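Accompanying notes for the structure given below.
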Amino acid sequence: AKEHRRGRPVVFTADHEDAIRARSILEQELRQADLEAELTLEYQPIVDVAAGRVVAFEALARWTNPRLGRVPPGVFIVAAERIGLIGTITAILLGKAIAAMRGWPDAIGLSFNLSAHDIASPAAVARLAALIEAGGVAPERIALEITETALMHDFDAARDALLALKAIGAQISLDDFGTGYSSLGYVRRLPIDKIKVDRSFMADLLVDKASRDIVKSIVDLCRNLNLDCIIEGVETADHLSILRGLGCRSMQGYHFSPPVPASEVTRLAGPVDAA
Ligand code: C2E
Ligand code: CA
Ligand code: CA
Ligand code: CA
């Protein structure tokens, strides 16, 4: 039977209190952190398997804190949103990503993740646009990734934000495609250039015909709508060969490379053996 501690509802178990304590420690460390120094980015290649080359890198945030160690982005990004620090963090990361990009070949693009808060207000969007415009790289080389969940909060604000970012030349990428419930509606109603098929489809791609059919119809849809389609979470040669058969061209995943430090980008930016 579940215990009631000091007569309070069962949800306040010791574990729950531990979780709250951990959360407040994390938020405290995040507030005090030297974010310029502690935040870094790793870069994961996005490969065009037909051309056999890397076409872009997705920047993935890393926070290494002297006391907490390495905190996963899924944890600290959410905490930063909660305590109102996400705008600062996004600006620091985007600045670092654009600086790194200046050393890349012109043909290599950057994919950069935005959170819901980054597109929630015209002021936040203006700040992003200014950073990109001052960055000294062609904005067309930058794809801003946004998830369906982020778009859901305030659809009209999101659409205005995406239009403003497109107006300066940036590309818009719909992340984690297929996990929300209005994927197709978003594609139709928003100025989207690329979609990224969520890696959950890879889990049973080899054994489940329905998964393959869904991926195939997303690829066909993209071709008809003239959208780039990137498959995420490609982990094995079997994934790759099935995906090739379905007509997929752009892919990302451990099969090609895990996210790597900035210093390794140039080494990976050449031709790839996509076999
Ligand atoms: P995401 O945008 O969907 O990023 C892809 C995640 O999948 C990354 O995890 C990446 O390391 C991982 N991944 C890549 N290839 C494979 C694969 O073949 N198999 C598997 N199982 N995983 C793979 P990571 O770096 O831990 O990031 C997690 C999430 O945190 C991201 O998911 C994104 O939502 C968020 N995030 C990361 N960096 C940023 C950022 O700079 N800003 C914002 N707002 N969110 C970020
Ligand atoms: Ca992403
Ligand atoms: Ca994703
Ligand atoms: Ca995700």
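The values are calculated or read from the model by the stated rules, or taken from the named source; none is laboratory data. Since this is a predicted model, take the numbers as computed values, not measurements. No Cβ is skipped: glycine too gets one built from the backbone with ideal geometry, and neighbour counts run over all protein chains shown. Ligands, DNA and RNA are excluded from the accessible area calculation, which covers all protein heavy atoms including side chains. Shrake-Rupley method; radii C 1.70, N 1.55, O 1.52, S 1.80 Å.
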Connecting C-alpha atoms closer than 10 Å in a GNM of the chain, tell me which of 209, 166, 196 has the biggest fluctuation.
209
Which whole-angstrom value gives the distance between the alpha carbon centres of segment 197-275 and segment 140-158?
22
Portion, in percent, of the accessible area of segment 41-134 that falls on carbon or sulfur, probe 1.4 Å
59
Residue-normalised accessible area of the chain, given per residue in Å² at a 1.4 Å probe:
49
Before rounding to the nearest 500, sum -39500 (n - 2.57) across all DSSP H runs of length at least 4 in the chain and divide by the residue total; then give [θ] at 222 nm in deg cm²/dmol.
-12500 deg cm²/dmol
Sequence-distant or interchain residues sharing an amide H contact under 5 Å with residue 147, placed H: which?
175
Within straight cross-link reach of residue 96, meaning Cα distance under 25 Å, which lysines are found once same-chain residues fewer than 8 apart are removed?
166, 194, 196
Simple label model, 7 Å out from Cα along Cβ direction - residue 32 to residue 210, nm:
5.0
Hydrophobic long helices for the chain, i.e. whole DSSP H runs reaching 15 angstrom or more by Cα along the axis with Kyte-Doolittle mean at least 0.5, come out as 86-101, 122-133, 155-167
Given 10 Å bins starting at zero, what is the percent of C-alpha pairs of segment 133-194 in each, up to the one with the largest pair distance?
23, 54, 20, 3
Distance in nm between pseudo-label sites at residue 82 and residue 181 (7 Å out along the Cβ direction from Cα)
2.6
Can you list which of the chymotrypsin sites (Phe, Trp or Tyr not before Pro) found in segment 197-268 are DSSP loop residues with at most 15 other C-beta atoms within 10 Å?
254
Which Cys residues of the chain have no other Cys beta carbon under 4.7 Å away?
248
